[in-house]
Structures are given as C-alpha cells and as structure tokens.
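A short write-up of the structure that comes next.
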Amino acid sequence: MTLKTFGFLRLHVLLFLCSSSLLSMAQKAAAPTAQLNIDTGNIVSPVSPMLYGLMTEEINHSYDGGLYAELVRNPTMRNFWSGVEGWELVRNGNADAEMMQDKETGPSTALTTSLKLVIKSASAIDEVGVSNSGYWGIPVHARTTYKGSFYAKAGDANLGPLTVRLISDDTNAVLAQVVIPAITTSWSKHEYSLTTGEVAASSKNHLQITAAHAGVLWLQLVSLFPPTYNNRPEGLRVDLMERMAAMHPHFLRLPGGNYLEGDTLADWYDWKKTIGPRVDRPGHQAPWTYWSTDGMGFLEFLEWCEDLHVEPVLAVYAGYALKGQHVEPGHDLEPYVQAAVDEVEYVTGDTSTKWGAERAKDGHPAPFPLHYIEIGNEDWFDKSHTYDARFAQIAEALRKHYPQYKLIATAPVKETKAAAQPDLIDDHYYKSPAAMFDLVHQYDNAPRTGPKVFVGEWATRSGSPTPNFGDALGDAAWMTSMERNGDLIEIASYAPLLTNVNPGAMQWPTDLIGYDALKSYGSPSYYAQCLFAAHIGDGTPHSTISGAGARFFYSATVSSSDHVLHLKLVNASNVDQPIAVSLADFAAGKHVAQINTLHAASFEATNSITSPEAILPVASSPAFKDSEFHEVVGKFTIQVIDIPLK
Ligand code: AHR
C-alpha cells in the first residue's frame with residue numbers, strides 16, 4: 001500500500017467516522033419539548049360539518065380513461081390527424097379491406113359520423129374487422145361479465161353476423177367472444193355481453209369486432225363496460241369510487257374547474273347536451289387538450305354524488321372562456337342565465353317541473369339534494385372586469401327562483417345590491433410544500449363578518465404524478481389551518497382529484513389518486529386526507545402552544561356528540577418533536593385512544609402505481625390515564641389522535 005493510498009483510506013475512515021457520528025447525532029436530534037394546552041371544555045368556534053369534499057373535472061383522463069368505466073377508447077369514432085384514434089383495421093390472412101371515418105352517416109343527429117369498413121374479401125378463416133386498444137389497454141379479470149353495445153349498419157343483408165371478442169395482446173388468446181346476428185341496412189343498436197373464464201388479470205388486451213363476408217359495415221358508439229359501482233348501467237369504476245368513499249366527503253364540486261368554462265365560448269359546459277341517451281350526446285372539446293365523449297354526463301355526475309352519499313356543489317357557467325373571451329352581461333348573457341336556472345331545476349325540481357320531468361325521463365325521478373351553487377370559475381382571470389355584472393345577473397335570477405341556496409362567487413364581488421352578494425367566495429391555492437407551510441395563518445385573522453370561504457381548489461404540488469410525502473406534510477399542515485378556521489371556511493376540496501398515470505394521459509401534476517387501466521393507488525396525501533376527514537369534531541376548543549418548531553402544526557377539534565378530542569399533529573421538520581399535551585376537562589380514568597400515524601423517511605418518498613402501499617397509515621390504541629401526556633412526533637410525521645374525554 002503506498003502512502004498515497006493509505007492517505008486516501010485514512011480520509012475515508014475519517015469521513016465515515018465523522019458522518020456516522022453526525023448521523024447518530026441527527027438521529028437523536030430532537031427539538032425542545034413543546035407544550036400544548038387544550039381546554040376541551042371551552043369551545044371557541046364551530047367547525048363546519050361540510051368542511052371536506054371533492055372537486056372534479058375532465059382532466060388527466062379523469063372520466064374518459066378514468067372514473068367513467070367505459071373500456072372502449074374513442075367510442076364515437078372521432079377522426080384525429082393519425083386516423084380514428086384507438087381503432088385499427090384487422091385483416092386476417094388474405095382478407096382485403098379498408099377503414100375510414102365516414103362523415104355522411106351516423107345513428108343520430110348528435111353522432112352524424114361513423115367508422116366505415118369496406119370489406120372486399122373475407123372468410124370464416126380470414127376475417128376482417130376493427131380492434132380497439134382501450135385507454136392504455138383493456139383490463140380483463142377472471143370470471144367476469146362485460147356488457148357492451150354498438151350501433152351498426154350494413155351495406156346489404158349479405159354481410160352476415162359479426163363476432164365480438166376480447167383478445168390478449170400477448171398471446172392472441174380469445175378471452176371471451178360472442179356472435180351478433182346479421183346486421184340490418186339501417187342504423188340499429190346491438191347489445192352483447194362477454195364473460196371471461198379462468199384468465200389472469202391483465203390490461204394487455206383489445207376488443208375486436210369482425211365479419212366473415214365481403215360488404216360494407218358502419219359502426220358507431222361501440223361500448224364495453226366492466227361491472228360498475230353499485231351496478232349502475234354504464235356507470236363508474238369500482239376501485240376509484242371506493243377510494244373516494246374512504247375520503248368521507250360531504251360534497252362534490254362539479255363539473256369543474258376549467259372544464260366548466262372551456263377554452264372558447266363555444267366549448268362551455270352545455271349540460272343539456274350531456275343528458276339523455278348516449279347516442280344523443282355529441283360530446284365536446286374539453287380544455288385539457290382532448291375530446292370529452294360526455295358519456296360521463298350531467299346525470300352521471302349527480303348519480304356519482306348519490307352513490308357517495310354526498311351533495312353536489314353545482315358550478316354553473318357564467319360566460320367566461322379560458323382564452324379570455326366573455327359574454328357581455330345583459331341581453332347576451334340571458335341564455336346562459338336561463339341554462340343555469342334550468343340546470344338547478346334538473347337537479348332539484350320535482351317531476352311536475354319541466355326539467356324535473358326530463359330528469360325522470362332520463363331515469364331518475366327523485367330530485368337531488370342541493371345547498372350550494374357556484375357562479376363561474378376563477379373569474380379573477382377575466383380582464384374585461386365583467387364578473388361583477390355577470391355574477392349579479394345570474395345571482396339575481398337564481399335567487400328569484402331558488403332563494404334557499406347559498407351562492408358562491410369565484411372572485412370578490414363589488415356589487416352593492418343585496419341580491420348580488422355572494423354567501424361564499426371560492427379561494428384557490430396551489431403551492432410548494434414550503435409555501436404551503438407559510439400559508440397556514442392565512443385565515444387566522446380574517447374578518448368573520450363577510451362571506452364565508454370555499455377553498456374550492458387546493459394542493460401542495462411537487463410530486464408527479466401524485467403527491468409525495470413532502471406534499472402530504474404541506475397538505476396536512478394546510479388542513480390543520482382549515483380546521484382551525486372551520487367557522488369561516490365552510491367547504492374545501494383538493495384538486496385535481498384523479499390522474500391516469502400512463503405516459504401522455506396527464507396534463508397537470510400533482511393529483512391525489514393515480515391509476516392505470518387495471519389498478520389504482522392513493523398518494524400519501526390521499527391517506528392524510530382520509531384520516532383528517534374521518535376524525536373531525538364540530539367545535540374548536542381553546543388551545544395554546546409554546547416551544548414548537550416552525551414546521552410543527554396542529555389542530556384540535558371536539559365532537560360534541562361523543563366527547564372525543566380529535567388531535568392532529570404534523571411534524572414537517574427533519575427532527576423529532578417531543579410534546580407535552582395538557583387537557584383540561586379530561587375525566588380521570590382509563591381512556592383508550594386511537595392513533596393513526598403516517599410517516600416517511602423523506603419529502604421525496606411516495607406511493608406509485610408499482611409501489612402503491614409504500615406509505616400507509618399505521619394504527620395503534622394506547623391508553624391514556626392522565627390529563628397530561630407526552631408524545632414524540634417523529635420527523636416527517638402526521639398523527640391523527642382520537643381521545644375520548646369522558
Ligand atoms: O385543477 C386544475 C385547474 O386549476 C382547474 O381546472 C382550474 O380551476 C385551476 O386553474
């Protein structure tokens with residue numbers, strides 16, 4: 001060993017010794033003990049019973065290719081620069097055929113085009129047809145029945161039957177098949193079902209429709225659904241609905257977001273075009289770059305609410321488009337005002353009303369509950385400064401017909417007329433973790449005299465596609481502040497809620513729940529939100545804290561019905577935080593608490609589609625005997641503690 005090498009080694013040993021002793025110092029490092037005093041008998045303000053809800057829109061393939069369980073991509077055969085997206089021509093052996101979009105024929109006035117297949121030669125061995133690859137695959141499970149339908153028309157009666165198959169991409173094995181008897185020469189709907197046997201769960205499959213004779217075939221609205229949540233026909237994906245239900249939401253803000261507005265005035269969310277039979281829905285261009293089929297239409301949104309036992313926070317269009325166009329208040333805005341009034345009637349009217357009757361015709365005679373109506377979205381972007389007048393016009397019309405509902409403005413309103421005053425203002429926050437920690441006192445000293453607050457969109461954003469643990473800490477810190485201000489913040493919803501994680505599917509990171517065709521996962525932030533919403537009281541007791549680090553956050557709420565203190569402790573720092581908690585109004589005796597702890601080793605740690613459960617809450621049930629207890633909240637840790645007080 002040369003002297004030089006020895007010197008190098010010695011340096012490394014030294015560095016190792018230094019770093020390991022630094023490491024053990026860091027491991028042992030803890031902040032000084034903080035003192036938290038909670039007077040659980042002294043409730044100083046109420047907490048809104050509606051605080052936590054969901055926000056939704058068509059973004060990141062949230063509906064088409066997401067929650068809406070339709071498995072066929074581009075079921076309405078729209079043509080893109082590369083052809084009819086999602087569809088491929090199948091020509092087996094020596095068969096000969098061509099496929100194109102036909103702009104001259106379709107099954108309805110809403111769907112006036114179709115996919116045309118010109119089959120020059122085909123036989124039982126050499127079939128011709130089309131295949132669909134789904135939204136990044138078609139998920140197939142064992143012993144499952146898939147229900148489908150399509151509209152078809154044949155050039156003449158000799159085309160013969162069609163065969164529909166689910167086929168494995170990898171092995172070409174037929175996983176399920178069904179024969180559809182002869183197709184007629186006028187447009188008609190055909191329903192079918194496909195049942196799998198003992199197959200391995202996989203999304204590497206495609207749907208195929210083939211013919212065995214020469215002729216011409218037109219297809220439109222080809223559809224296939226797996227079993228859905230609550231078995232709704234053409235309904236929603238089970239795993240995603242179950243994840244949302246576990247968030248204990250109280251409302252669903254719908255239909256957006258930017259999705260309400262559209263890029264241009266022509267693209268507004270014209271809800272009347274999204275109801276009724278699917279074949280009568282034309283679809284529309286959504287602002288997040290892709291076409292919305294509107295299979296997930298307005299009634300499907302409302303049934304989504306019903307299935308989650310929540311009520312809609314209904315956003316009505318207010319005449320502003322994302323690229324800056326606006327509708328002049330006054331005469332020009334009137335059709336949109338009427339659309340908003342009609343929309344509320346569709347949601348809440350009984351069957352004697354025009355739109356209540358329409359809802360009954362669409363399959364849902366019972367009205368839906370409603371308390372909140374939002375007018376527009378993010379109108380602070382509107383440089384024409386017409387929101388005050390647009391809000392006033394829509395608010396006055398809504399209040400005339402429905403004085404019982406609370407109206408939400410998306411920006412402060414300067415109008416002075418009483419009927420034009422909002423009940424709530426919708427504030428949006430998208431922040432980095434550090435900026436979210438800095439935001440936590442935003443509402444502490446805000447006036448309690450004006451409109452209440454709807455935090456209609458909020459998220460800590462650094463992870464992609466879904467929040468990492470640093471984001472979860474930012475979100476948890478923010479939730480402690482919303483709970484503390486639960487007398488002012490009446491409702492709040494994280495955004496965006498959903499993302500398909502396949503390459504090219506997402507337009508906006510960071511999103512709460514990720515999925516591909518087959519499976520889904522909750523981000524660390526998702527679990528933090530589940531815990532916060534499931535453990536919350538209806539009043540905030542008086543509390544004080546001293547000696548805590550700058551990145552330590554807490555919220556205390558008490559449930560008056562069962563006398564439980566819900567304590568949330570968030571340590572976003574990189575050192576442990578010891579804390580002494582002193583509870584006034586704590587009955588002596590053994591109290592079994594429930595603690596849920598969410599922890600990760602770093603800000604960057606996360607869950608993903610391939611590692612969906614890397615970070616999960618861990619539950620424990622320690623007993624407390626005294627009104628004072630000591631707890632060490634580890635670094636990068638979120639704790640939700642329920643303590644029975646009596
Ligand atoms: O949540 C993503 C987008 O952010 C919403 O569509 C919009 O309202 C906001 O700007």
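Relative to the globular-protein estimate of 2.2 N^0.38 Å, the Cα radius of gyration of the chain stands at 1.11. Taken per residue, the accessible surface of the chain reaches 40 Å², heavy atoms only and a 1.4 Å probe. Surface composition of the range 79-225: carbon and sulfur atoms hold 48% of the protein heavy-atom accessible area at a 1.4 Å probe.
Put +1 on the Cβ of every Lys and Arg and -1 on every Asp and Glu Cβ in the range 307-365; which of GLN325, ALA340, TRP355 then has its Cα farthest towards the positive end of the dipole? Checked the options; the winner is GLN325. In the chain, the calculated helix contribution to ellipticity at 222 nm averages -6000 deg cm²/dmol per residue, counting -39,500 (n - 2.57) for every DSSP H run with n ≥ 4. Can you tell me the relative contact order of the chain? Whole percent, Cα pairs under 8 Å, sequence separation 6 or more. Result for the chain is 16 percent.
Please give the charge dipole size of the range 79-225, origin at the Cα centre, charges +1 on K and R Cβ atoms and -1 on D and E Cβ atoms. Round to the nearest 20 debye. Intermediate results must be reported in sequence, preceding the final value.
Numbers: 10 positive and 13 negative charges, 64 e Å.
In total the dipole reaches around 300 debye.
About the centre of its Cα atoms, the chain shows a dipole size close to 1220 debye [charges on the beta carbon of Lys, Arg (+1) and Asp, Glu (-1) only; nearest 20 debye].
Distance between the 7 Å Cα→Cβ label points at THR289 and LYS189: 3.4 nm. Couplings for the range 473-484, taken from phi via the Karplus curve 6.51 cos²θ - 1.76 cosθ + 1.60 with θ = phi - 60°, read 5, x, 5, 5, 4, 5, 5, 4, 6, 5, 5, 4 Hz in order; Gly and Pro are left as x. Projecting the Cα positions of PRO367, GLN101, GLY41 onto the charge dipole of the chain (unit charges on Cβ atoms of Lys, Arg, Asp and Glu, taken about the Cα centre) puts GLY41 furthest along the positive direction. Every pair of different Cα atoms in the range 356-483 enters the Kirkwood calculation, which places the hydrodynamic radius at 17.0 Å.
Counted over all Cα-Cα pairs of the range 79-225, pairs farther apart than 27 Å make up 17 percent. Checked against a 22 Å cut-off, the cross-linked pairs LYS323/LYS383; LYS406/LYS568; LYS103/LYS153; LYS116/LYS189; LYS103/LYS272 give Cα-Cα distances beyond that limit for LYS406/LYS568; LYS103/LYS272. Given the C-alpha centroids of the range 305-350 and the range 526-605, what is the distance between them in whole angstrom? That distance is 39 Å. A Förster distance of 51 Å, applied to the separation of the beta-carbon atoms of ASP585 and SER611, puts the FRET efficiency at 0.70.
Computed with every protein chain present, the accessible area of LYS452 is close to 70 Å² [probe 1.4 Å]. Heavy atoms only, probe 1.4 Å: what % of the accessible area of the range 438-518 goes to carbon and sulfur, would you let me know? Here carbon and sulfur together make up 51 percent of the probe-accessible area.
Entry note, the range 363-422: relative contact order of 44 percent, from Cα contacts under 8 Å with a spacing of 6+ residues. Relative to the Cα centre, the charge distribution of the range 211-296, modelled as +1 at Lys and Arg Cβ and -1 at Asp and Glu Cβ, gives a dipole magnitude of about 220 debye. Rounded to whole Å, give me the distance from the Cα center of the range 460-504 to that of the range 243-258. Here the two parts' Cα centres lie 13 Å apart. Taking every DSSP bridge with both residues inside the chain, close to 70 percent are antiparallel.
Computed on the range 400-495, with alpha-carbon pairs under 8 angstrom and 6+ residues apart, the relative contact order is 29 percent.
Could you give the distance between the Cα centres of the range 356-422 and the range 71-85, to the whole Å? Measuring centre to centre over Cα atoms gives 36 Å.
The values are calculated or read from the model by the stated rules, or taken from the named source; none is laboratory data. The structure displayed is predicted, hence computed values, not measured ones. Methodologically, a virtual Cβ is constructed for each residue, glycine included, from the backbone with ideal geometry; neighbour enumeration extends over all protein chains shown. All accessible areas refer to the heavy atoms of the entire protein, side chains included, with ligands and DNA or RNA removed. Shrake-Rupley method; radii C 1.70, N 1.55, O 1.52, S 1.80 Å.
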